[in-house]
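Below is one structure, written out as structure tokens; the observations come after it.
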Amino acid sequence: MKRKVLLIYTGGTIGMEKDYESGSLRAFDFGNIFEKMPEMKLMECEVFVHPFEQPLDSSDMGPDEWRMIAKLISENYDQYDGFLVLHGTDTMSYTASALSFMLKGLSKPVILTGSQLPIGDLRTDAKENLLTSLYYASLYENNEAVIQEVAIYFEYKLLRGNRTLKYSAEFFDAYSSPNYPILGQSGVHLKIDKDNLWRDSLQSEFYVDDHICEDILFWRIFPGMNLNHFKEIPKMKVLILQVFGSGTIFSSSKTFETLQQIRNNGTEIVVVSQCISGGISFGKYENSNIFAKIGAISGKDMTAEAAITKAMHLLNNPKYEGSFADNFSENICGEISELGN
Ligand code: ASP
């Protein structure tokens, strides 16, 4: 029996070709992918293509598009064995993170991929990314999907989606998963590291919780920043502060007063690190004590992308009981390690 994969094409470089006369990139009709890549017919799975009517650069993807993808997966969940989302690379880690929170009780693979060069380019990385992603999206053992989470496949590596970040606009190897090991690797053989795969301990039925609240602000601190600017930012429900190293910030009393004022206004403060790997550890240095004092929430080793989309998903979400802080600190779908505080 051939496994069925629904390929959702949203846009991005992967679906483009070069107009060799003008030299510019243009989107081609992804519905014709089988003509462009007849080798897709040799795959051991059956592929059905659902292109977005209007392919998008991923800088235009946001909550509405995340909901569209989640809805498509939900409407087709029973008919397909796996899902492949082709996506621009710039914001793919945000979409993967958001989907990981929205798709509850997932027991089928949802793989995202894209490419650095268009599929119509001679040196393209698109074909390998696409074909191997299809392999992972249709991988079953004993009638059970091997991958039961949202993952990104890119340049020979399968990564947990909500642990990734795009770190290179140049290299084919554009994604990194600094705080979680890779899930699989493709070389001569296609490998999976089963110990690293996510399994939902709740074993709930699949459903979509598409709650996303946009009342979030992300702010990166820097030496010499004028704290008065905090007074000018609009009131919001969650402020994600990207601070130094393992969680330090300026020790001045003005810092404390400014952040305490923000807290007094009812804003949750989440703290994530500017370092790509490792994470926040409150209390390690004196310059991080302030966060415990004002009741800030540690983002631990979450990526900025995961922290932002998790905050969007949890804020005012009626399906979650308990406080925002408690829910944010929970590991929902493998986005956070159980280390430190
Ligand atoms: N700007 C493109 C996008 O993210 C880049 C890419 O696809 O690689 O949609």
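The values are calculated or read from the model by the stated rules, or taken from the named source; none is laboratory data. Since we're looking at a predicted model, the values are computed, not measured. Here the Cβ positions follow ideal geometry from the backbone for every residue, glycine too, while neighbour counts run over all protein chains shown. Note: areas computed on protein heavy atoms with side chains; ligands, DNA, RNA excluded. Shrake-Rupley method; radii C 1.70, N 1.55, O 1.52, S 1.80 Å.
Starting from the residue with the highest accessible area, list Glu21, Glu286, Glu128 in decreasing order, probe 1.4 Å.
Reading off the accessible areas and sorting them downward yields Glu21, Glu286, Glu128.
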In whole percent, the Cα-Cα distances of the chain spread across 10 Å bins from 0 upward as 5, 25, 31, 22, 12, 4, 0
About its Cα centre, segment 72-171 carries a charge dipole, from +1 on Lys and Arg Cβ atoms and -1 on Asp and Glu Cβ atoms, whose size in debye to the nearest 20 is 240
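Per residue, how much accessible surface does the chain expose to a 1.4 Å probe? Answer in Å², no decimals. Walk me through the numbers before you get to the answer.
Values: 15760 Å² over 341 residues.
On a per-residue basis, 46 Å².
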With all protein chains present, segment 1-80 has a carbon and sulfur share of its accessible area (1.4 Å probe) in percent of 46
Taking only the Cα positions of segment 1-96, the convex hull volume per residue in Å³ is 105
By accessible area (1.4 Å), largest first, His87, His50 order as His50, His87
Correct response: the longest run of the chain lacking exposed trypsin sites (Lys or Arg not before Pro), defined by DSSP loop and at most 11 other Cβ within 10 Å, is 3-122
